[in-house]
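This report concerns only the one structure given below.
The values are calculated or read from the model by the stated rules, or taken from the named source; none is laboratory data. Keep in mind the model is a prediction, meaning the values are calculated, not measured. Backbone-built Cβ (ideal geometry, glycine too); neighbour counts: all protein chains shown.
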Amino acid sequence: MVKIALDAMGGDHAPQYAVHGGIEAARASKGRFQVVLVGDQEAIEKEVAKHFLTQNLPLSIQHASQVVGMDEKPAVALKQKTDSSIAVATRLHFNHEADALVSAGNTGVVMAHALFGLKRVKGIRRPAIGSLLPNQMGGTTLLIDVGANVDSRPEDLVQFGIMGSIYVSRLLEIDRPRVGLLNIGHEEGKGNELVNKTFTLFKACSCNFIGNVEGGDILRGNCDVVVCDGFVGNIVLKAAESLHGLFKINMRRLVKKYLFSQIGAVLMKPTFDGIRRLFDYQEYGGAPLLGVQGCCIIAHGKSTPHAIKNAILAAYKFVVENVNEAIKQQATIPIAHNDAEAVPLNG
């Protein structure tokens, strides 16, 4: 049975929401996976006791004596809190006592533990975080990188695209995903030096590269994977996340303004709920850190139990679809710098 280590002390509302989400995921397991709640055993047991019929669920607890705060520095947490919930969960994964790691904790700390505790896939210079965004075609688009790397080289961006393509093809079952490079225009030669050099490398890559895409193409669904550096990607992601609140607030304002809108809103509630879910991060669970030796899903710090549950389900599918094996075989590219070893290009 697949085992997924959940950092039960990570997140703005931990351990309450994390434990609740872990229990909901265990209920949905149907014998496919086990959830290991990692953190302060006494605190976790108190939360588990609030729920009914948990005795026979595929659920276990692994004690960790320390907790990393949401505002702590990654380097300090890595050195001084070696028995934190995220550190213990990472060790469980590294020692093959768990097949995946899920955390809604401090993103920098989670990344640090994944990089130093799990190590990078050989040939991957920079792991990247991918985030799924809804598009107007009714599907989702993977934006990568969304914050793991503030500065990237052209070969890093190509690796991001290949890893993102693998992730999308395995988890969303899309044959030969379309990969686009985020730019200020569609024409070749547009943009800065980084984007232009990346474009050239992508043309020699056997992934399904469709060229430059603009910001509007992300939500239009014109491609399945949009590649950018983490600085740009993080800004785009946070702007996209704000759409959920924008839609909800303005819809309420307009409905209250007109009587007939209030009547219509009752009839349209199922439709409104469907639109709301499209832009709700909870429905997508968490973002994978691609390029490390294992499965690390980073959930939003504000994750609700529903979001935690979906993050665990995403981790399970990542494992059973052997995403990492495909990355090892396909995502290494030649490094054009003298300080790095060249590795073969595959698509």
query: Given the conditions (1) out of contact with any strand residue (DSSP E or B) (no Cβ under 8 Å at 6 or more places or on another chain); (2) among the small types (Gly, Ala, Ser); (3) not in a loop (DSSP other than H, G, I, E, B), and given that Gly138 satisfies all but one, which numbered condition is not satisfied?
result: (3)
query: Could you say whether any residue in the range 180-200 is touching a residue at least 24 places away in the same chain (Cβ under 8 Å), buried (at least 23 other Cβ atoms within 10 Å of the Cβ) and within 23 Å of Cys296 (Cα to Cα)?
result: no
task: Give me a count of the residues in the range 201-210 that are closer than 13 Å to Pro154 by Cα and touching a residue at least 60 places away in the same chain (Cβ under 8 Å).
output: 3
message: With the requirement that a residue be under 21 Å from Asp12 (Cβ atoms), surrounded by 20 or more Cβ atoms within 10 Å (Cβ to Cβ) and not small (Gly, Ala, Ser), what does the range 49-77 give you?
response: Val67, Val68
query: Just one of Ala26, Ala14, Ala75 is of a type in the set (A, V, I, L, M, F, W, C) and in contact with a Leu (Cβ under 6 Å, 6 or more places away or on another chain); which is it?
result: Ala26
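Can you name the residue in the range 134-157 that is within 18 Å of Glu173 (Cβ to Cβ) and surrounded by fewer than 24 Cβ atoms within 10 Å (Cβ to Cβ) and, of all such residues, is modelled with the highest pLDDT?
Going residue by residue through the range 134-157, those that are within 18 Å of Glu173 (Cβ to Cβ) are 134-135, 137-142.
The next check asks that each one be surrounded by fewer than 24 Cβ atoms within 10 Å (Cβ to Cβ); those that pass are 134-135, 137-140.
Details: Pro134: 87, Asn135: 87, Met137: 83, Gly138: 80, Gly139: 86, Thr140: 90.
In this case the residue turns out to be Thr140.
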statement: Only one of (1) outside any helix (DSSP H, G or I); (2) crowded, with 17+ Cβ neighbours inside 10 Å does not apply to Val19, and that is (1)
Number of positions in the range 295-327 that are under 15 Å from Ile166 (Cβ atoms) and in a loop (DSSP other than H, G, I, E, B): 3
query: Quick one: would you say Asp99 is of a type in the set (Asp, Glu), within 17 Å of Cys296 (Cβ to Cβ) and not assigned by TED's automatic domain parsing to the domain that holds Asn234?
result: yes
- prompt: Can Ile124 be described as within 20 Å of the chain's Cα centre (by Cα) and buried (at least 20 other Cβ atoms within 10 Å of the Cβ)?
  reply: yes
task: For the range 146-163, enumerate the residues that are of a type outside the set (Val, Ile, Thr) and either touching a strand residue (DSSP E or B) at 6+ places or on another chain (Cβ under 9 Å) or not in a helix (DSSP H, G or I) (or both).
output: Gly147, Ala148, Asn149, Asp151, Ser152, Arg153, Asp156, Leu157, Gln159, Phe160, Gly161, Met163
statement: Picked from the range 321-347 (must be modelled with pLDDT of 90 or more and loosely packed, with under 14 Cβ neighbours inside 10 Å), the residue nearest to Asp99 (Cα to Cα) is Asn322
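Each row is one residue, and each column tells you yes or no for (1) surrounded by 11 or more Cβ atoms within 10 Å (Cβ to Cβ); (2) at pLDDT below 95; (3) within 21 Å of Leu289 (Cα to Cα); (4) of a type in the set (A, V, I, L, M, F, W, C).
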{"site": "Gly216", "(1), (2), (3), (4)": "no, yes, no, no"}
{"site": "Val227", "(1), (2), (3), (4)": "yes, no, yes, yes"}
{"site": "Lys248", "(1), (2), (3), (4)": "yes, yes, no, no"}
{"site": "Arg252", "(1), (2), (3), (4)": "yes, yes, no, no"}
{"site": "Lys256", "(1), (2), (3), (4)": "yes, yes, no, no"}
- prompt: Among (1) in a helix (DSSP H, G or I); (2) over 24 Å from the mean Cα position of the chain (by Cα), where does Val88 come up short?
  reply: (2)
- line: (1) among the aromatic types (Phe, Trp, Tyr); (2) out of contact with any strand residue (DSSP E or B) (no Cβ under 6 Å at 6 or more places or on another chain); (3) closer than 28 Å to Leu313 by Cβ all hold for Phe231 apart from (3)
- request: Filter the range 41-85 for residues that are under 26 Å from Val2 (Cβ atoms), in a helix (DSSP H, G or I) and touching a residue at least 24 places away in the same chain (Cβ under 8 Å) and give the result.
  value: Ala43, Ile44, Glu47, Val48, Ser85
